[in-house]
Amino acid sequence: MSTPTNSFSIMPDLARRMPRINSRWLWLWHVRYALRGLWRQIRVSRWATSLLGPQYRRSRDMIEIDITYLCNLHCLNCNRSVTQARDEMHMPLATVLKFVDDSIAGGKRWRRIRVLGGEPTLHPEFQSLVRELLRYRAWHSACIVEVVTNGYGGRVKRELAALPTEVLVDNSAKTTPVQPYFGPFNLAPVDDPKYRHTDYSNGCAVLEQCGMGLTPMGYYPCAVAGGIDRILGENLGRAELPDDADELEVATSRLCSLCGRFRDGHFIPRILRPELTEERVSATWEAMYERWHASKTERTAPDVLYSIRSGPNSQRNAEAVDNAKGANHDPSKTAR
């Protein structure tokens, strides 16, 4: 058996989303997923949602942490907008420290914590952030700590080589910014008349299969949603780790209406996806990017995650904040 390349291949409930497709029956798989697409269109309608409730709900036991929006490859159709809206916004180490403390104090047993970006290894405190997450894993050993990387360039490879062996690495080994199997992220459903009767609180499979998101702006239904809000600027994230009863429905409804990933809703195997070698951007996204670039020099990241001077390890938390704001810290690297 081949060595697992990511957590989706070793977590049984997630592995089922990636069927093994025999090319001999490719036509049948195309029919199957076409029918799933038709059902998706019906399922997300307002009347179907009123009867059945949301199709997907945010995960309570998996989380993705976007620690930076800096990237070294800038792929077309990036669902974090690191190509379309380049930024060097980094998550403070204190934010991850607080996340770990809050998770332990609340008895939160994460099945998986994934570290992403941007390119996460470009974060100036990447190794320290990973060590904080391993502190959580020392408390809950069943948790998978995983780094998702493009594997591109010398610095990235050196950082990956320095990781402890207990960290799982999902390395896509990219070599070009053209990723033919990325979807049209910037085609907002709200711009398509086909979705005029849609209830966006249905979300998509990312909510359940990838997990909720923690970004420099706060907690979101998924990390993709946080990346959208970075451009939208409505600050829809939660400042504190949400209670399990919190569906984050306002953020889901607003941000999913802008996400091209909402269209398919479910995972589609790569062999069934049409290739995409150009960037497609709908009118709402064009306007959002235009506003973002116009205001870039005036904007700073919301300081919503620094309230960590109470609770477990409060002294160490406070010291982390003070160090982050000390003489050796360049505020422009936290948010631009």
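Would you please name the residue that is nearest to residue 113 (Cα to Cα), looking only at residues in segment 211-234 that are among the hydrophobic types (A, V, I, L, M, F, W, C) and out of contact with any helix residue (DSSP H, G or I) (no Cβ under 7 Å at 6 or more places or on another chain)?
Restricting to residues being among the hydrophobic types (A, V, I, L, M, F, W, C) and out of contact with any helix residue (DSSP H, G or I) (no Cβ under 7 Å at 6 or more places or on another chain), the top hit is 212.
Only residues that are surrounded by fewer than 17 Cβ atoms within 10 Å (Cβ to Cβ) and either closer than 15 Å to residue 195 by Cβ or in contact with a strand residue (DSSP E or B) (Cβ under 8 Å, 6 or more places away or on another chain) (or both): list them for segment 242-255, please.
246
Of all the residues that make up segment 223-281, how many are among the β-branched types (Val, Ile, Thr) and assigned to a helix (DSSP H, G or I)?
Final tally of qualifying residues: 6.
If residue 104 meets every condition in (1) without any contact (Cβ under 8 Å) to a residue 40 or more places away in the chain; (2) more than 17 Å from the chain's Cα centre (by Cα) apart from one, which number is that one?
Result: residue 104 passes all but (1).
Scan segment 1-39 for residues that are under 13 Å from residue 268 (Cβ atoms) and either modelled with pLDDT under 85 or within 22 Å of the chain's Cα centre (by Cα) (or both) and report the count.
Residues flagged as under 13 Å from residue 268 (Cβ atoms) and either modelled with pLDDT under 85 or within 22 Å of the chain's Cα centre (by Cα) (or both) within segment 1-39 amount to 4.
Filter segment 19-36 down to the residues that are in contact (Cβ under 8 Å) with a residue 60 or more places away in the chain and surrounded by fewer than 14 Cβ atoms within 10 Å (Cβ to Cβ), then identify the one that is farthest from residue 205 (Cα to Cα).
23
Which one is farthest from residue 93 (Cα to Cα) among residues in segment 238-250 that are out of contact with any helix residue (DSSP H, G or I) (no Cβ under 6 Å at 6 or more places or on another chain) and in contact (Cβ under 8 Å) with a residue 24 or more places away in the chain?
Only one residue fits best here, namely 247.
Residues of segment 164-194 being touching a residue at least 12 places away in the same chain (Cβ under 8 Å), part of a helix (DSSP H, G or I) and not basic (Lys, Arg), which ones?
Result: 189, 190, 191.
Take the residues in segment 138-174 that are among the hydroxyl-bearing types (Ser, Thr, Tyr) and either under 30 Å from residue 105 (Cα atoms) or surrounded by 18 or more Cβ atoms within 10 Å (Cβ to Cβ) (or both); name whichever of them is nearest to the chain's Cα centre (by Cα).
Taking the candidates together, the pick is 149.
Considering only residues that are within 17 Å of the chain's Cα centre (by Cα) and either basic (Lys, Arg) or under 20 Å from residue 293 (Cβ atoms) (or both), which ones fall in segment 234-254?
Those that are within 17 Å of the chain's Cα centre (by Cα) and either basic (Lys, Arg) or under 20 Å from residue 293 (Cβ atoms) (or both): 235, 238, 254.
Select from segment 256-274 the residues that are buried (at least 20 other Cβ atoms within 10 Å of the Cβ) and free of Cβ contacts under 8 Å to residues at least 40 places away in the same chain and list them in ascending order.
Those that are buried (at least 20 other Cβ atoms within 10 Å of the Cβ) and free of Cβ contacts under 8 Å to residues at least 40 places away in the same chain: none in segment 256-274.
Exactly one of these conditions fails for residue 171: (1) more than 28 Å from residue 16 (Cβ to Cβ); (2) touching a Gly at 6+ places or on another chain (Cβ under 9 Å). Give me its number.
For residue 171, the exception is condition (1).
The values are calculated or read from the model by the stated rules, or taken from the named source; none is laboratory data. Computed from a predicted model, the values in this text were never measured in an experiment. In this analysis, Cβ positions are derived from the backbone assuming ideal geometry, glycine residues included, and neighbour counts consider all displayed protein chains.
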